[in-house]
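Scroll down for the structure; my scribbles are underneath it.
The values are calculated or read from the model by the stated rules, or taken from the named source; none is laboratory data. In this text, all values refer to a predicted model and were calculated from it rather than measured experimentally. For neighbour counting, all protein chains shown are included, and Cβ atoms are generated from backbone atoms with ideal geometry for every residue, glycine included.
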Amino acid sequence: MSQKILICDDEEGVRESLKLILGDLYDLVVIEDPELIPEVLSKNKDVKLTLLDVKMPKIGGLDALKTIKTSFPSVSVIMVTGYKSVEIAAEATKLGACGYIVKPFKSEEILEKVKKVMG
C-alpha cells in the first residue's frame, strides 16, 4: 500500500489541486475542518505527513500544528499558505513543521517537498 498523507485545507480548489498532484503517488485523506485532525489521525495511524493550511476558520493552522505535534509527534507537517510571511514560517518551524509552501504553488514544488519528507 502506498504511503498516506492527510490534507487539511478549507479551500476546495487547493484540496483538489493537491489531490491531482499527489493522488497517483500517495494514499490521501482529505478534510476541510482542522477540528477533525485528531480523530482522523487516530483512525489513520499510518499517516506520515500532513499538508496543513495556515489560515482556516475556527482553528488556525498553527494551533492545529501544535495539536498534531503534541498528540502525534511522528507525523510530519508541511504548512501551506497564501501569505508569504517570515514570522509565520519561523513560528511554524519552531512548533515542529518540516516545511512551508506558499500558494499558488507549483506541482514540482509540492512533489519535491513531499518526496523529501516521505523518503
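Residue-wise test of (1) crowded, with 19+ Cβ neighbours inside 10 Å; (2) among the β-branched types (Val, Ile, Thr); (3) in contact with a helix residue (DSSP H, G or I) (Cβ under 8 Å, 6 or more places away or on another chain); (4) within 13 Å of Ile5 (Cβ to Cβ).
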{"residue": "Lys45", "(1), (2), (3), (4)": "no, no, no, no"}
{"residue": "Ala64", "(1), (2), (3), (4)": "yes, no, yes, no"}
{"residue": "Val80", "(1), (2), (3), (4)": "yes, yes, yes, yes"}
{"residue": "Ala92", "(1), (2), (3), (4)": "yes, no, yes, no"}
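Looking at the structure I just gave you, is Ile31 of a type in the set (A, V, I, L, M) and either touching a Ser or Thr at 6+ places or on another chain (Cβ under 9 Å) or touching a residue at least 60 places away in the same chain (Cβ under 8 Å) (or both)? Judged against the criteria, Ile31 is not a match.
Only one of the numbered conditions (1) crowded, with 18+ Cβ neighbours inside 10 Å; (2) part of a loop (DSSP other than H, G, I, E, B); (3) not hydrophobic (A, V, I, L, M, F, W, C) is violated by Arg15, and that is (2). Cβ-Cβ contacts under 6 Å between residues 6 or more apart (or on different chains), taken from a first residue in the stretch 69-95 that is under 21 Å from Met118 (Cα atoms) and among the polar types (S, T, N, Q) to a second residue that is modelled with pLDDT of 90 or more and part of a loop (DSSP other than H, G, I, E, B), are listed as Ser76/Cys98; Thr81/Val54. Within the stretch 41-62, the residues that satisfy the criterion of being within 13 Å of the chain's Cα centre (by Cα) and either over 17 Å from Gly99 (Cα atoms) or not basic (Lys, Arg) (or both) are Leu41, Val47, Leu49, Thr50, Leu51, Leu52, Asp53, Val54, Met56, Gly60, Gly61, Leu62.
Residues in the stretch 18-62 that are over 18 Å from Ile110 (Cβ atoms), of a type in the set (Gly, Ala, Ser) and not in a helix (DSSP H, G or I): Gly60 alone.
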